[in-house]
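Okay, structure first, notes after.
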Amino acid sequence: ALDGYSAGVLACGGPDSGKSHTLFGSTADPGTAPLAAQALFAAAAAQPQAVANLRVSCSALAVAEGGLVDLLLSPGVLAPPRLEPVQDELGGRVQVGELTEEVVADAAQLQQGLERARRAATPPGAAPVGYRPVVPTAPP
């Protein structure tokens, strides 16, 4: 991610297969997402030129009942709309339109977003999917 590429973490599997634990872990045994967040910000701190261009954002979604659900919507939203994947015909990328994206300044803020996503993913059938740090590079 520090080289200017987007990165993400994905967990998939059947119900009760350990997706949430793999992604989020626990206080005593952190999961992939908090460990990656800590490593990302530690690596950025070791590269002063990277810090100047660092932009990390957090998004989270779940596949539930055959659709995509935004896990970072404001708590007051009672019925989150279903999200639709949009494919970029030229680049071959698939993006999820209208997905909440929160810019974070450090690993602690990223961890707060991940914790909100973990709590939002508790309804039966929800499978949390990781975060997406975005780190643009400076133009050449």
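Numbers at a glance
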read-out: Computed label-point distance, nm, for sites E101 and S26 using a 7 Å Cα→Cβ extension; value: 3.6 nm
read-out: Sequence-distant residues sharing a close amide H with A64 (under 5 Å, placed H); value: V69
read-out: Cα convex hull volume per residue for segment 1-53 (Å³); value: 74 Å³
read-out: At R0 = 22 Å, FRET efficiency that the Cβ-Cβ distance of A39 and L10 yields, to 0.05; value: 0.80
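Every number in this text was worked out from the coordinates using simple rules, so none of it is lab data. Remember, predicted model here, so these are calculated numbers, not experimental data. Using ideal geometry, Cβ is built from the backbone for each residue, glycine included, and neighbour counts are taken over all protein chains shown.
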